[in-house]
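In what follows, a structure is listed as structure tokens, so that the remarks can point back to it.
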Amino acid sequence: MLELHSTEDVLRLSALVASFIAIVILVYYLVVRPPLGRATKVVLLFGLGVMPLAVSLAGNISGFEYTLKTDFCGSCHVMRPYVEDAADRTSTSLASIHSRNSTFGHESCYTCHADYQIFGAMTTKANGLKHLYYYVTEYSNTGPYGEGGKPIHMYKPFKNTMCTRCHSTEAPRWSLVEEHAGMLEDIRKGDAKCIDCHTGDKIHPRAFAHGGSGKAVAAAGSAAPVHAAEK
Amino acid sequence: MFNVTKITIRRLVLISTVATLLSLALMVASILFPSPMLLVVAMSMGQALGTASLILYLLAIALDLQGYGEHDELGSAGSAGSGTGGE
């Protein structure tokens with residue numbers, strides 16, 4: 001269940017060990033009920049203070065790290081078509097291509113929808129809470145692919161800077177694309193949007209094809225910022 | 001105002017212990033089975049509970065070190081237990 005492949009795994013293991021020590025101390029106190037002498041107080045301070053703080057710290061860091069992963073995004077069923085497409089190694093969609101990147105592929109959702117990082121961790125968590133609220137109140141009873149739920153859309157328009165963080169527009173190979181070269185300045189200024197050409201159906205095709213929220217958004221042609229059809 | 005006895009102090013420690021066990025259960029569950037709901041509950045309720053229980057424990061220790069409940073102990077049990085040395 002717990003394999004040590006990363007710092008996050010080490011933190012999770014540390015948290016579990018610390019919680020085990022704390023639980024042993026507390027259960028011993030509850031069962032034996034020793035006099036509240038100096039030694040008992042010090043040991044209880046470890047069980048009630050030091051160890052739980054360690055669990056909290058290590059658990060928080062590993063928890064926050066886990067929220068960056070594609071697995072976490074896919075744990076809400078309405079994200080299934082998006083995550084399935086990203087995980088399909090034969091797909092030529094942008095989500096899949098980016099998810100095959102060995103550097104950030106396992107965090108591709110977060111990496112590409114990265115304006116979160118600009119506003120910091122607190123905004124990320126606030127938006128995450130908003131996601132959770134809407135999931136529980138509006139999408140929890142929808143079909144396996146979110147059928148029957150309201151169209152999923154982004155909170156704000158997808159900015160070019162989310163793409164140009166990596167695709168700097170300076171690379172010769174990028175400029176070799178005729179369309180890129182023809183509108184270089186417009187792309188850099190943001191007058192031409194990346195997603196005007198790299199539309200949602202090319203980024204997350206399954207979400208636009210399964211008959212669920214994605215298709216509803218695409219068919220509606222809504223004026224809302226729905227190009228990537230992600231929530 | 002409040003009649004703080006040794007029993008009160010022990011009860012504070014007991015409540016603190018049980019609350020900490022609950023908060024640890026939430027935090028361990030979120031580590032073993034990370035899901036959005038569990039993570040949110042563990043990082044909010046779990047940690048609030050853990051913090052509150054630590055504050056309760058520190059309060060209990062502070063009261064004990066201040067000597068609260070000593071006279072009650074001596075009066076009722078007739079023993080000479082000290083504030084920090086046990087009951």
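We did not get these values from a lab; they are worked out from the coordinates using the rules stated. These figures come from a predicted structure and were not determined experimentally. When we count neighbours, we look across all protein chains shown, and the Cβ atoms used for this are built from the backbone with ideal geometry, even at glycine.
For the cross-link pairs A:156/A:193; A:130/A:150; A:159/A:202, which exceed 19 Å when the distance is taken from alpha carbon to alpha carbon? Listed pairs above 19 Å: none. Ordered by the number of other Cβ atoms lying within 10 Å of each residue's own Cβ, fewest first, A:88, A:191 fall into the sequence A:191, A:88.
Compactness of region A:7-66 is given as radius of gyration and Dmax, 13.3, 42 Å, from Cα positions.
Taking other C-beta atoms within 10 Å as the exposure proxy, B:16, A:102, A:14 rank A:102, A:14, B:16 from fewest upward. The residues A:21, A:195, when put in order of fewest to most other Cβ atoms within 10 Å, stand as A:21, A:195.
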